[in-house]
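*Asks:* Take a look at the following structure, please.
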Amino acid sequence: MDQVVAWVSGGASGLGAATARAIVGAGGKVVMLDRDTEKGAALASELGDAARFVEADVTDEGALQAARDRALGAFGTVTAAISCAGIALAAKTVGRDGAHPLDMFKRSIDINLVGSFNLARLAAEAMQQNSPDADGQRGVIIHTASVAAYEGQKGQPAYAASKGGVVGMVLPMARDLADQGIRVMAIAPGLFLTPMLEGLPEPAQEALARQPLFPKRLGRPEEFGAMVNTIIASPYLNGSTIRLDGGIRLP
C-alpha cells in the first residue's frame with residue numbers, strides 16, 4: 001500500500017472520506033476530488049502530507065480534465081481511482097404530483113453513472129504511463145454501485161438505474177483495459193451510516209438496522225474503506241462487483 005497513489009471522487013465526506021482515511025492509514029497517498037472545498041480542505045489537513053484536496057466536478061468534462069492535471073501534479077502519478085461521488089434522489093415514476101421529474105432522473109444518471117465513467121476514463125489514460133508491476137499491473141479502478149442496482153425499491157427508478165449502469169460497465173471496462181494492465185471492480189454497499197442516513201430520525205435508523213441478515217446494524221463507512229484496500233491489494237480481483245451489505249435483500 002505504500003506504493004499506492006489514489007484519487008477518490010466524493011472524497012470530502014461519507015464513503016469517500018472513509019476511503020481516503022483507509023488508504024492513508026495503510027500507508028498510501030490520496031487526492032480527494034470533490035465540490036465541497038471546505039470539507040475537502042479540512043480532511044486534507046487532518047490526513048497530513050499523504051493527502052491533497054482538488055476541487056472537481058465529475059460531471060464537467062473540462063473541469064475534471066483540469067482537476068486530473070492538478071491531481072497528477074500532487075504526487076506525480078495515480079495507481080488507483082475510486083468513484084464515491086453520488087446522489088440518492090427519490091421519486092416514484094408517477095406520484096402524487098404527477099410524473100417523475102425528468103431533470104431529476106437525468107441528474108442521477110449524470111452524477112452517479114456518467115461521473116463514474118468520466119473519472120475512470122481519465123484515470124485509466126494516466127495509469128497507462130505507469131511502469132507495470134510483476135503481474136503487469138498498472139492500476140485499478142473501483143466504482144461505487146449499490147444493492148439498489150439489484151433490488152431497487154419504490155421511488156428509486158432513477159437511483160437504481162444509475163447504479164445498475166455502474167454494475168453493467170464494470171466487465172466491459174475491465175475487458176477494455178486488460179491489455180494495459182488495469183483492473184476494474186465495483187463495490188455495491190447496502191445500508192451504510194453515511195450523512196444521508198444520519199439525517200434520519202433514530203427510529204428510522206433502528207428500523208433500517210434490523211434489515212441485514214447479520215450483523216443487525218448499519219454498515220460503517222470504515223468497512224467500505226477496508227474493502228477498497230482489499231481490492232487494491234488483491235490483484236486477482238477483476239471485472240466483478242462485490243456486495244458489501246450484511247446479506248441484505250431490499251424488500
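Throughout, read-outs are computed from the coordinates displayed, never taken from laboratory work. Bear in mind the structure is a predicted one, so any value in this text is a computation, not a measurement. In this analysis, Cβ positions are derived from the backbone assuming ideal geometry, glycine residues included, and neighbour counts consider all displayed protein chains.
*Asks:* For the range 1-129, restrict the atom set to alpha-carbon positions and state the Rg and Dmax in Å.
*Replies:* Cα-based Rg and Dmax for the range 1-129 come out at 15.9, 53 Å.
*Asks:* Tell me, what is a quarter of the convex hull surface for the C-alpha atoms of the chain, in nm² with one decimal?
*Replies:* Details: hull surface 53.7 nm².
Averaging across all directions leaves 13.4 nm² for the Cα convex hull.
*Asks:* Compute, for the chain, the length of the dipole vector about the Cα centre, with Cβ point charges of +1 (Lys, Arg) and -1 (Asp, Glu) only. Units Debye, rounded to 20.
*Replies:* Working: 23 positive and 26 negative charges, 142 e Å.
Dipole magnitude for the chain comes out near 680 debye.
*Asks:* Cut-off 10 angstrom, C-alpha nodes, Gaussian network model of the chain. Which of S131, S108, S240 fluctuates the most?
*Replies:* So, out of S131, S108, S240, the one fluctuating most is S131.
*Asks:* Just how many pairs of Lys in the chain have C-alpha atoms closer than 30 Å, counting pairs that are eight or more places apart or on different chains?
*Replies:* Count of close lysine pairs: 13.
*Asks:* Here's a follow-up. Put one equal scatterer on each alpha carbon of the range 60-103, apply the Debye formula with no solvent term, and list log10 I(q)/I(0) at q = 0.13 1/Å to two decimals.
*Replies:* Evaluating at q = 0.13 Å⁻¹ gives log10 I(q)/I(0) of -0.54.
*Asks:* Return the whole-Å distance between the Cα centroid of the range 1-28 and the Cα centroid of the range 207-251.
*Replies:* Between the Cα centre of the range 1-28 and that of the range 207-251, the gap is 17 Å.
*Asks:* Then there is this: Considering the convex hull of the alpha carbon atoms of the range 19-75, report its projected area averaged over all viewing directions, in nm², one decimal. If you can, show how the numbers build up before the last one.
*Replies:* Details: hull surface 14.6 nm².
About 3.6 nm², averaged over all directions.
*Asks:* State the volume of the convex hull built on the alpha-carbon positions of the range 106-198, expressed per residue in Å³ and rounded to an integer.
*Replies:* 112 Å³
*Asks:* For the range 199-251, with the dipole built from +1 on Lys and Arg beta-carbon atoms and -1 on Asp and Glu ones, taken about the Cα centre, which of Q205, A226, I242 lies farthest toward the positive end?
*Replies:* Working it through, the farthest residue towards the positive pole turns out to be I242.
*Asks:* While we're here: Can you give the local net charge around V147? Use residues other than it whose beta-carbon is closer than 9 angstrom to its beta-carbon, Lys and Arg +1, Asp and Glu -1.
*Replies:* Details: positive: K163, R243, R249; negative: E151, D245.
Here the count lands on +1.
*Asks:* Ok, one more. Quickly estimate the mean residue ellipticity at 222 nm for the chain, helices only: each DSSP H run with n ≥ 4 gives -39500 (n - 2.57), and the total goes over all residues, rounded to 500. Could you put the intermediate results ahead of the total?
*Replies:* Values: 9 runs with 104 residues, N = 251.
Rounded to the nearest 500, the figure is -12500 deg cm²/dmol.
*Asks:* For D97, project a label point 7 Å along Cα to C-beta. Then give me every residue of the range 195-211 with its amide nitrogen under 15 Å of that point.
*Replies:* none
*Asks:* For a quick check of your reading of the filter: which trypsin sites (Lys or Arg not before Pro) in the range 154-251 sit in a DSSP loop and have no more than 16 other Cβ atoms within 10 Å? Write down the numbers at each step before the final one.
*Replies:* On the way: sites: K154, K163, R175, R183, R210, K216, R217, R243, R249; in loops: K154, R210, K216, R217, R249.
For trypsin sites (Lys or Arg not before Pro) across the range 154-251 that sit outside H, G, I, E and B with at most 16 neighbouring Cβ atoms in 10 Å, the list reads K154, R210, K216, R217, R249.
*Asks:* Which residue fluctuates the most in the chain, going by a Gaussian network model with Cα springs under 10 Å, if the choices are G98, G181, G27?
*Replies:* Result for the chain, Cα springs under 10 Å: G98 fluctuates most.
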